[in-house]
Structure formats: C-alpha cells, structure tokens
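Novice: Sharing a structure with you now.
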Amino acid sequence: MDLIQRPRRLRGFEAIRNIVRETTVNTSDLIYPIFVVHGEKIKREISALPGQYHLSVDMLAEEIEEISALGIQGIMIFGIPKTKDEAGSEAYHTNGIVQQAVKEVKKHRPSLLVMTDVCLCQYADHGHCGIIQNGRILNDRTLDVLANIALSHAEAGADVVAPSDMMDGRVKRIREVLDHNDFEHIPILSYSVKYASAFYGPFRSAAGSSPQFGDRKTYQMDTGNRRESLREVALDIEEGADMVMVKPALAYLDIIREVKDKFQVPLGAYQVSGEYAMIKQAAQAGLADETQMMVETLTSIKRAGADIILTYFAKEMAKWIRDQ
Ligand code: PBG
C-alpha cells in the first residue's frame with residue numbers, strides 16, 4: 001500500500017490517544033442541579049431521576065461538602081414549594097425554599113458559585129411559566145414577577161440568576177430591577193434557547209411542574225428552528241445577558257455549535273433530566289455502559305462548544321475525572 005497518511009498511527013495505545021485528544025471535560029465545566037424541599041432531615045431519592053435526591057435545607061451542608069471536595073465550582077438550585085397559587089408567590093417569598101437554600105449554602109461555603117433557576121412553573125398551580133388570564137399567558141405582567149423572583153434570590157445571596165421561563169423581554173426587566181436595587185454586579189445566565197422538549201419529563205415529575213392544561217409551545221421553541229435560536233441569543237445579549245444557554249443538549253448539538261461560533265459570551269448547555277434518565281435506564285437494563293455513555297455525551301456537549309455544562313452527572317463525572 002502506498003499510504004503516507006495513516007490516522008490510525010495516533011490511535012495505537014492509550015497514552016497517544018490521551019495526548020492527541022482535542023476535547024476534554026474539566027470538573028470546572030460542570031454545574032450540579034439540586035432540588036430542595038421543605039421539611040427536616042429529608043434525603044429522598046427521586047424515582048424519576050435515579051441517584052438524584054430531594055434534599056431539605058438542613059441536609060445541604062453535607063451535600064455541599066461532597067460537591068466542593070470533588071472540585072465542582074457551582075450548583076443550580078431548584079425549589080419545590082409547600083404551596084402553589086395562581087401567581088406563584090412562594091417563588092419570590094423572602095423565606096421561600098430557594099431563598100433559604102441559597103442562604104444555607106452561602107453560609108457554609110461562600111466560595112461555591114450558587115445559581116438559581118428563575119421561573120414560575122413549580123410555584124404556580126397551573127404549572128405554566130407565566131401569569132395566566134383567561135387561558136392566555138400575559139407576557140409583560142409575568143416580567144415583573146420574574147424580576148421579583150430574581151431580586152429575592154439576589155437578596156438571599158445568589159451569585160447568578162438564571163431565568164428559564166422563555167418570556168420575551170425578561171432579561172431586560174430582570175437587569176433593570178437588579179441594577180435598581182444595587183445588584184448590578186450579579187450576572188444573568190439566560191436559558192436563551194430553550195426548546196419545547198419531551199426530555200424535561202423526569203424533571204417535571206421531580207419538581208411537580210407539569211402544565212395543568214395545554215403545553216409550553218407558546219413560549220418554548222420549536223424543535224425544527226435554528227435561525228430562531230440565534231435571534232433569541234442576540235436579543236438576550238442585547239437585553240443584558242452575561243451568559244446564555246442551550247437546552248436540552250444532546251438533541252441540539254448543532255445549535256450549541258452555531259451559537260458558540262456566532263456569539264462571544266460564555267455558553268452553557270443543559271443535559272436535561274430526560275437525557276440523564278435515558279442513560280440511567282439503558283444502563284440499568286444492561287444495554288450499554290453507563291460511565292462510557294456519561295463521558296461520551298458530556299465530551300460531545302463540550303466539543304459542540306459548551307463552556308459550562310449543567311448535568312445531573314456532575315458528581316459522577318467529577319469522580320471519573322479525578323480517578324483518571
Ligand atoms: C423550569 C425548568 C425546567 C427545566 C429547568 N427549568 C422544566 C420545564 O421547562 O418544563 C428542565 C430541566 C430538566 O429537564 O432537567 N422552567
């Protein structure tokens with residue numbers, strides 16, 4: 001064979017593969033989502049998300065120790081409220097579940113980056129991400145509520161607020177209200193490109209946040225749309241987003257790449273609950289190796305362009321990286 005170029009020469013054994021690898025996930029890329037519930041001494045496995053837990057505030061210190069010891073730099077806090085109402089008012093209560101959790105985490109470990117999910121759906125009895133009147137979501141009235149939620153998180157000590165509702169103009173309003181209250185230093189990570197996805201199924205079961213009528217297609221994006229994702233990101237950056245996110249990750253790697261190539265702000269990607277559950281279930285059924293699927297999917301998300309990866313695998317991935 002007259003073959004000068006032989007790519008296989010660089011695949012011969014592990015050390016050479018390690019040396020020529022173009023993309024490696026670092027522990028500092030990972031953000032770990034945490035579900036916090038009311039009550040005491042609660043650490044209850046979430047049936048829809050094997051290996052993930054509902055934690056009460058008093059159990060957070062221990063969890064945070066573990067996370068920090070692994071070298072994970074940040075968490076995203078989701079709250080499960082005690083009561084829901086039409087306006088989702090527990091979401092912006094000074095002593096709401098997220099606000100309590102933020103205070104607790106910052107008290108124990110001020111160095112850990114605490115992000116909070118800013119949305120209404122878990123807190124509203126109708127399960128939608130906006131204020132509803134006659135079956136319609138009132139976009140502009142929702143903005144004040146979202147800004148209130150973000151402000152209450154910042155007041156509790158959150159380092160980054162992350163609106164996930166997909167209302168138009170929410171980054172602008174949140175920025176205005178934060179700035180007006182001397183929180184001009186708090187960054188906004190916008191879930192800019194959030195598709196109306198079936199992959200949120202396990203999360204909705206874990207958070208009790210399924211819409212009670214209709215679906216989220218009037219605010220979350222249509223799977224077929226690519227240009228629209230660029231428009232969403234451009235608008236959010238104009239409105240003041242410091243970081244943007246694409247969600248879910250695996251079914252939208254092309255979108256992650258395109259946003260990365262076209263914009264200069266740090267880019268997050270969320271490997272959502274359904275992506276995690278899919279891997280867990282396949283592994284449990286003995287169909288494929290869990291660790292390899294974890295490493296492969298997270299490496300792909302980073303290769304596609306994500307600077308920050310939100311994943312329920314954060315702890316397991318950090319352990320894998322540590323043990324390499
Ligand atoms: C709240 C929110 C959702 C997720 C993050 N924030 C659910 C939804 O939009 O229905 C999904 C996260 C996951 O599936 O892991 N709006």
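The values are calculated or read from the model by the stated rules, or taken from the named source; none is laboratory data. Quantities reported herein were computed from a predicted structural model and do not represent experimental measurements. Note that each Cβ is placed from the backbone with ideal geometry, even for glycine, and that neighbours are counted across all protein chains shown.
Novice: Go through the residues of region 120-130 one by one and say whether even a single one is more than 14 Å from the ligand (Cβ to nearest atom), on the phi < 0 side of the Ramachandran plot and surrounded by fewer than 23 Cβ atoms within 10 Å (Cβ to Cβ). Lay out the reasoning, then the answer.
Specialist: Our first condition is that a residue be more than 14 Å from the ligand (Cβ to nearest atom); within region 120-130, this holds for 125.
If we keep only those that are on the phi < 0 side of the Ramachandran plot too, we end up with 125.
Add one more test, that the residue is surrounded by fewer than 23 Cβ atoms within 10 Å (Cβ to Cβ), and what stays is 125.
Looking through region 120-130, at least one residue is more than 14 Å from the ligand (Cβ to nearest atom), on the phi < 0 side of the Ramachandran plot and surrounded by fewer than 23 Cβ atoms within 10 Å (Cβ to Cβ).
Novice: Where in region 252-311 are the helices (runs of 4 or more DSSP H), entirely inside, with at least 1 residues that are more than 16 Å from the ligand (Cβ to nearest atom) and surrounded by 22 or more Cβ atoms within 10 Å (Cβ to Cβ)?
Specialist: Values: elements: 253-262, 273-284, 290-304.
Correct list: 253-262, 290-304.
Novice: Can you say whether Arg204 is in contact with a Cys (Cβ under 9 Å, 6 or more places away or on another chain) and outside any helix (DSSP H, G or I), as far as the supplied structure shows?
Specialist: no
Novice: Regarding Ala206, is this residue small (Gly, Ala, Ser) and either buried (at least 22 other Cβ atoms within 10 Å of the Cβ) or modelled with pLDDT under 95 (or both)?
Specialist: yes
Novice: Can I ask one more? For region 242-251: of the residues being outside any helix (DSSP H, G or I) and either at pLDDT below 95 or within 16 Å of the ligand (Cβ to nearest atom) (or both), which is surrounded by the fewest Cβ atoms within 10 Å (Cβ to Cβ)?
Specialist: Checked region 242-251; the qualifying residue surrounded by the fewest Cβ atoms within 10 Å (Cβ to Cβ) is Met243.
Novice: Anything in region 5-41 that is basic (Lys, Arg) and in a loop (DSSP other than H, G, I, E, B)? List them, or say none.
Specialist: Result: Arg6, Arg21, Lys41.
Novice: Mind checking which pairs have a first residue in region 206-232 that is at negative phi and within 15 Å of the ligand (Cβ to nearest atom) and a second that is hydrophobic (A, V, I, L, M, F, W, C) and in a loop (DSSP other than H, G, I, E, B), Cβ under 6 Å, 6 or more apart or different chains?
Specialist: Ala206/Ala48; Ser209/Cys121; Arg216/Ala196; Lys217/Ala196; Tyr219/Met166; Gln220/Met166; Gln220/Ala196
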